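Report on the structure given below.
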Amino acid sequence: MNSEMQPEGIADVAELLQTVPEELLSTGSVGLDEMLGGGIAPGSTVYVCGSTGSGKTILAEQMAYASAAAGINVLYMYVAGFSESIVNRVRNLQNFEFFDADAFNVSVAYHDIFPTIRAAQSTDLLYSITPVVQKQQASLLVIDSIRTVLERLAEFDREEKSLRQLTEFVSEQNLVAVLVGEYQQDDIVRQPQFAFADGVILLTAPYEAPDGKRHIRVLKMRGAKHSSEGHEVRITSSGLQVDLETSPGADAQIGIA
């Protein structure tokens, strides 16, 4: 087609497609990476959901230290008073082989987001996050727990706007954002933020399943040839490991439709 006859914006789209990165971010779990079609694409906002004890935070930490081992800077934002203390975090992380003490608060930087969001004048989530992301030069952003953050922002009617700004920022800056929260299947169906998320990973705790085991399922991963089949997961010294050889039968409910 003659360039003079091209519809407006076509040249820009072609240029954009040439700059789309091919390298995917590993989750640190071989099985989950396979379920995701290789990993998570930069520019993606992905929810890691599940009940208490399902393994959400372990998976997020595993992703953080796998990224650090690959030379990627990570910003791990937590909410003090609603998650474990730094002392307890280190104590628990020492149980896992993926933990690197030299990376702790260096290539994996921890930041308490609560003092910022509790101030009425700082209800803009992106405003609170941007300078810390830039200081860390982070390519992976983890927010744990995003539900606690959003419940605070909802008091100021800034919940949906802040999330949209965050997802746009992540896309523009080519980051990966992992948003950890205690959401179940019903929440994912009803709440609007999941509609414009790029990915949703759902974990279920042993007490939720008839077989008394943890399970994982990728409910959504935009632009990827992912598997939507549920699989059993085990938490070992290596972290959260997906057993691709096992999957719930047709009658086995694992908390997802």
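What the table below lists for this structure:
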item	result
Odd one out for Gly39 among (1) at pLDDT 95 or above; (2) under 25 Å from Ile117 (Cβ atoms)	(2)
Subset of the range 191-213 (residues that are in a helix (DSSP H, G or I) and loosely packed, with under 15 Cβ neighbours inside 10 Å)	Pro192, Pro206, Tyr207
Residue selected from the range 154-190 under the condition surrounded by 17 or more Cβ atoms within 10 Å (Cβ to Cβ) and assigned to a loop (DSSP other than H, G, I, E, B), by the criterion nearest to the chain's Cα centre (by Cα)	Leu175
Tabulated pairs, the range 222-247, first closer than 21 Å to Val176 by Cα, second acidic (Asp, Glu) and part of a loop (DSSP other than H, G, I, E, B), C-beta under 8 angstrom, 6+ apart or interchain	Arg222/Asp198; Gly223/Asp198; Gly239/Glu97
Any chance Phe196 is among the hydrophobic types (A, V, I, L, M, F, W, C) and farther than 18 Å from Tyr47 by Cβ	no
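The values are calculated or read from the model by the stated rules, or taken from the named source; none is laboratory data. All values derive from a computational prediction rather than experimental measurement. Every residue, glycine as well, gets a Cβ built from its backbone with ideal geometry; the counts of neighbours run over all protein chains shown.
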